[in-house]
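A.B. asks: Dumping the structure here so I can ask a few things about it.
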Amino acid sequence: MDQKERNESLERVIENYSNMLYRICFVILKNEQDAQDVLQETFLAYMTKRPHFHSEEHKKAWLIRVSQNKCKEFLRFHKKHAAIPLEEVEESIGISNGLDIEDREKLNLIWNLNLKLKSVVILYYVEGYSVKETAVILNISEVAVKKRLQRAREILSELGREYDGGIVCEQ
C-alpha cells in the first residue's frame, strides 16, 4: 500500500469512527479537550501500529478498546476530574436539541459511575451493543458484562431515588 492509499484509508477510518469514539471518550473524561487529545492518540496508535483486522467490526472493536485504554491512562496519570455543566455536555456530544428531564438525569447519573461500569453502560445502552459484543470490545467475559450492568443498574436506581423516586435504565 503506497502513501496515498494509506492516507485515504486513514481518512476513511477517521470519518467513520471519530464521532462515536469522541462520544465515548467525552463521557469517560468529562472534558472536551481531553477527549480530543485521547481521540488523536487513538488514531495515532492506529496509524503507527497499522494492525491487521479480520473485519470492519474487528477494527471498530480495536479502536474502541484502544480509546478506552487511553482514557484510563489519562485518568490514571493526570488524576483530572473536570466538572462541566450538562448543557455543555449535550452541546459537545451533538445533542443540540436538548434532552428531556429524565434523559438528562440519566446522563448525569451515568456520568458519575466508575470507569468499569460506565464503559459497559455506554456500550450497551448508549451505543446499542449486545452483551456479547460489549464483552468482545472490552475483552471481558459476558458474565462480567452482565454483572457490571446489574451493578450499574443498582447504583443508578439507588442514586435515582435520591433525585426523583427511581430512575432506572430500561433493558
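A.B. asks: What list do you get for Val145, Val120, Val136 if you sort them by fewest beta carbons within 10 Å?
C.D. replies: Val136, Val145, Val120
A.B. asks: Rank these for me by crowding, Val143, Val13, Val66, going from fewest to most other beta carbons within 10 Å. List each step's numbers first, then the result.
C.D. replies: On the way: Val143 10, Val13 16, Val66 20.
By the 10 Å Cβ count, ascending, the order reads Val143, Val13, Val66.
A.B. asks: Arrange Tyr22, Tyr125 by Cβ neighbour counts within 10 Å, fewest through most, would you? Intermediate values should be presented prior to the final figure.
C.D. replies: On the way: Tyr22 20, Tyr125 17.
If I rank by nearby Cβ atoms, fewest first, I get Tyr125, Tyr22.
A.B. asks: In a shell of Cβ-Cβ distance under 14 Å around Arg12, excluding Arg12 itself, what net charge do Lys and Arg (+1) and Asp and Glu (-1) give? Don't skip to the end; give the middle numbers.
C.D. replies: Values: positive: Lys4, Arg6, Lys59, Lys60; negative: Glu5, Glu8, Glu11, Glu15, Glu56.
Result for the local shell: -1.
Values in this text are rule-based calculations from the coordinates and carry no lab data. Note that the structure is a prediction, hence the values are computed from the model and not measured. All Cβ positions, glycine included, derive from the backbone under ideal geometry; neighbour counts span all protein chains shown.
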